[in-house]
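In what follows, a single structure is set out as structure tokens and then discussed.
The values are calculated or read from the model by the stated rules, or taken from the named source; none is laboratory data. Every value quoted in this text rests on a predicted model; they were computed, and no experiment measured them. Virtual Cβ from ideal backbone geometry, glycine too; neighbours counted across all protein chains shown.
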Ligand SMILES: Nc1ncnc2c1ncn2[C@@H]1O[C@H](COP(=O)(O)OP(=O)(O)OP(=O)(O)O)[C@@H](O)[C@H]1O
Ligand SMILES: [Mg+2]
């Protein structure tokens, strides 16, 4: 018989190896894209013969990308902020009150989690045409609000659950009316949850693609839509360069969120000891 | 006394959103029952013909392919995701944990297009894998990885892996470690502890993760479109083609409705199958 | 000064009139009537889940009653929200606002009342001085010890001159010695300011030592309302007798009534007990006697006594000794007997046969359930 300690060691190594392989699978595309982005030739080849930065310059100068980026910022700013307000307020009433149609409204607002984005996109496209709304930013923003709302709702709801009601009771007992309690006690204590909910919503909205493909027009297309169109037409490494910038930017945001908000808590995956 | 301050003000915007969303879904439903008038953007009268068309082999085939791709992706993602979730929850060093967390979470927020594009570079004929295998002399000519179901599933697994890991980790993290410590103290080896304690207790997370992975894959568009390249078609691709190439919005809507019904059916079955599991949920 | 429970008088500060509160199918409070006099310190005492917190929350206005009415200073407050009730409240977990400094916490209630800044600063300083926390103004709550946080919470509740001070198990998180000193301090401040106070606890020692009156609750009802001495010496029913303080329950048989006293047979012995609660009983009806550990006298086995037995455990408590005595014969019942003075340790060693006598007219008796 193999002694138990050796057996456990072997098991540990096998586990470690498996995790390393999976992590490699996760980071492989990002690594490959990074290599491709520095390839001097416009045609894909591995390993690249000559290296250069020029595709980064091309990507930054490409008009569709620039416009997509700024459109994306506009859509993201509006939709994540609206979703934060709408979702934050509704999370508050779900947590506190009973009222008619509560679970119906909640169910409807959560359902985009399992409804395919192409269905949502098509729905808003048709609806906009039916009510005579032109295909401007409004439709895109509304569509994004609906798509990111479930995440905001959940994030704020979890923070509200973890907020001890005695703080608000204490404030009320000291003579603070509902509005004052809300602004001086509830909101400040909820701030981390609100910030992470907003961040969540913003990142998701900025990256949303499928529904955006349906509801944006040439004038309002967001960055993912512009990238998709580019990939369909061109094969040069500009897109790889843009992807690298994208990956670095997102990873930095995530690392920032992790350091300041504790992603583990937000995602509800802290080990209970 | 007003025991529910802000109730109306706070419910109104959400209600408005819910109504808007319902209106959009009703619009889809309504279009699915309208006739297609070729050459016109406006639909014709009410009809059930669209639903009858669904039975045509061409469309039935796409439905079948979609379900197969989704199911395969969900299962592979589960198998690949479990060890990673386990590691994420059990790693003790804060730095290692943070690194792992960022690696897992970042792709979640990268969006489908960037990730799919990366896989094109990995899987293409001049791509990373083929170049590597060729230069090692393992193959004589490039493998066909693009435009195959295999390529689509690999890329989709990569797309759904983060969310699966997060859901599994959420389930695992709420299992009290004392359970496995207790099992260890009773003389169970690590594999037995895993099989008899950890795995059964994590089943709710498994169900949640699989459900979400299925729904996400079903929703994927860019991956089957760019990596499937027309040879692996999913419902999403068909909807887009119908809508933006032939302006047949009524039939596109019909496909959406059928897709919704299919999702509901599969998710319902998953819930039903997992009902016995709920008995062993912790707390 | 002490109003009766059943009528609202001009000295009543808080009055609960047949208040009922249900949560779904649970009746948390069942027609509770309670009057608290001005400057009085009343404690709600009862086991977990009996409705103490619920009653306090109704007074504070965090909950609304399903039936009955609540008045503060003669004014019906059923429809007045918390923030206009002028109460002060202290919470079990203190509920100090973590994002504000100590001074801002204490000043909060004054700001809501729009007290001008100069006046406000002075009152905050006075309140912090009252609870001996000078110099801590700029700390955040998490930089304070449990006892200090407690004092900040008290200062915050006091600085607004509340009409009633409500406290929900404020000391339960403190260690024993700190708890005792806080009890003394709170009572001192309460007396000095003449504050009407409703205090919730499930610690009967705390209830007996601090209160003017104690309301013993169980299952949503007030079982007895009286001074600590009343509640301890003459419990109103078996629940109060067994909940408040240590008690031995002995099953006996009713023999007869003599004037205001009843004679009860305990085995071969006859005991004289207060008889009000037994009037109307038939001869040889079962009766429960509740005898406190200190209401027994331990005697040599040959002396006249009520019960015979032997010592099975000695618990030395410093000032007194607790003896566990197993009754001879019967099902081996055990009595807890408290014997003053340290000689008891030597006088009644383990295994020694002893007799136990009930002090005349001291115990309480109820018809057995
Ligand atoms: N929000 C609520 N919803 C449903 N039931 C409740 C609620 N609050 C209290 N109850 C129930 O009402 C009863 C009284 O509760 P309450 O909190 O007043 O007890 P308590 O005497 O303060 O107990 P403890 O000493 O444990 O604090 C309990 O049975 C409790 O389960
Ligand atoms: Mg309580």
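Here are the numbers:
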quantity: Segment C:22-44, residues that are touching a strand residue (DSSP E or B) at 6+ places or on another chain (Cβ under 6 Å) and within 13 Å of ligand 1 (Cβ to nearest atom); calculated: C:28, C:29, C:30, C:32, C:43, C:44
quantity: Residue list for segment C:188-205, filter: within 16 Å of ligand 1 (Cβ to nearest atom) and either within 22 Å of residue C:159 (Cα to Cα) or crowded, with 22+ Cβ neighbours inside 10 Å (or both); calculated: C:198, C:199, C:200, C:201
quantity: The one condition in (1) touching a strand residue (DSSP E or B) at 6+ places or on another chain (Cβ under 6 Å); (2) within 23 Å of residue C:351 (Cβ to Cβ); (3) free of Cβ contacts under 8 Å to residues at least 60 places away in the same chain that residue C:300 fails to fulfil; calculated: (1)
quantity: Output for segment A:94-104, where each listed residue is within 8 Å of chain B (Cβ to nearest Cβ) and under 18 Å from residue A:158 (Cα atoms); calculated: A:96, A:97
quantity: Residue in segment A:137-154 that is at pLDDT below 90, part of a loop (DSSP other than H, G, I, E, B) and under 23 Å from residue B:15 (Cβ atoms) present; calculated: no
quantity: Output for segment C:338-354, where each listed residue is without any contact (Cβ under 8 Å) to a residue 24 or more places away in the chain and at positive phi; calculated: C:341
quantity: Conditions (1) more than 7 Å from every other protein chain (Cβ to nearest Cβ); (2) under 19 Å from residue A:106 (Cα atoms); (3) within 17 Å of the chain's Cα centre (by Cα): number failed by residue A:145; calculated: (1)
quantity: Residue under evaluation residue C:100, criteria (1) free of Cβ contacts under 8 Å to residues at least 60 places away in the same chain; (2) more than 19 Å from residue A:179 (Cα to Cα), criterion not met; calculated: (2)
quantity: Considering residues of segment B:3-52 that are in a loop (DSSP other than H, G, I, E, B) and within 8 Å of chain A (Cβ to nearest Cβ) only, the residue surrounded by the fewest Cβ atoms within 10 Å (Cβ to Cβ); calculated: B:41
quantity: Search result, residues across segment A:36-57 that are within 8 Å of chain B (Cβ to nearest Cβ) and under 28 Å from the mean Cα position of the chain (by Cα); calculated: A:36
quantity: Residue among C:163, C:201, C:196 that is within 16 Å of ligand 2 (Cβ to nearest atom) and over 17 Å from residue C:108 (Cβ atoms); calculated: C:201
quantity: Residues that are within 11 Å of residue C:250 (Cα to Cα) and over 31 Å from the mean Cα position of the chain (by Cα), drawn from segment C:267-297; calculated: C:267
quantity: Condition check for residue B:143: at pLDDT below 85, more than 9 Å from chain A (Cβ to nearest Cβ) and farther than 28 Å from residue B:57 by Cα; calculated: no
quantity: Which listed residue, of C:42, C:102, C:14, is surrounded by 15 or more Cβ atoms within 10 Å (Cβ to Cβ), closer than 28 Å to residue C:238 by Cβ, away from ligand 2 (no atom under 13 Å from the Cβ) and assigned by TED's automatic domain parsing to the domain that holds residue C:145; calculated: C:42
quantity: The one condition in (1) surrounded by fewer than 24 Cβ atoms within 10 Å (Cβ to Cβ); (2) over 18 Å from residue A:140 (Cα atoms) that residue A:197 fails to fulfil; calculated: (1)
quantity: Test for residue C:116: is it without any contact (Cβ under 8 Å) to a residue 40 or more places away in the chain, out of contact with any strand residue (DSSP E or B) (no Cβ under 6 Å at 6 or more places or on another chain) and away from ligand 2 (no atom under 16 Å from the Cβ); calculated: yes
quantity: Selection status of residue B:232, crowded, with 21+ Cβ neighbours inside 10 Å and away from every other protein chain (no Cβ under 12 Å); calculated: yes
quantity: Check on residue C:116, away from ligand 1 (no atom under 16 Å from the Cβ) and within 25 Å of residue C:53 (Cβ to Cβ); calculated: no
quantity: Selection from segment A:117-135 of residues that are within 8 Å of chain B (Cβ to nearest Cβ) and without any contact (Cβ under 8 Å) to a residue 24 or more places away in the chain; calculated: A:119, A:123, A:126, A:127, A:129, A:130
quantity: Which numbered condition residue C:64 fails, given (1) in contact (Cβ under 8 Å) with a residue 60 or more places away in the chain; (2) within 16 Å of ligand 1 (Cβ to nearest atom); calculated: (1)
quantity: When residues of segment A:78-102 are limited to those that are farther than 21 Å from residue A:192 by Cβ and assigned to a helix (DSSP H, G or I), the one modelled with the lowest pLDDT; calculated: A:102
quantity: Helices (runs of 4 or more DSSP H) contained in segment B:177-270 and holding at least 3 residues over 27 Å from residue A:10 (Cβ atoms); calculated: B:199-219, B:222-228, B:235-244
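Residue by residue, here is whether (1) surrounded by fewer than 20 Cβ atoms within 10 Å (Cβ to Cβ); (2) outside any helix (DSSP H, G or I) holds:
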| residue | (1), (2) |
| --- | --- |
| A:25 | yes, no |
| A:44 | no, yes |
| A:59 | no, no |
| A:64 | yes, no |
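Here is a yes/no grid of residues against (1) away from chain A (no Cβ under 14 Å); (2) touching a helix residue (DSSP H, G or I) at 6+ places or on another chain (Cβ under 6 Å); (3) within 15 Å of ligand 1 (Cβ to nearest atom); (4) touching a residue at least 40 places away in the same chain (Cβ under 8 Å):
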site: C:9; (1), (2), (3), (4): yes, no, no, no
site: C:46; (1), (2), (3), (4): yes, yes, yes, yes
site: C:52; (1), (2), (3), (4): yes, no, yes, yes
site: C:69; (1), (2), (3), (4): yes, no, no, yes
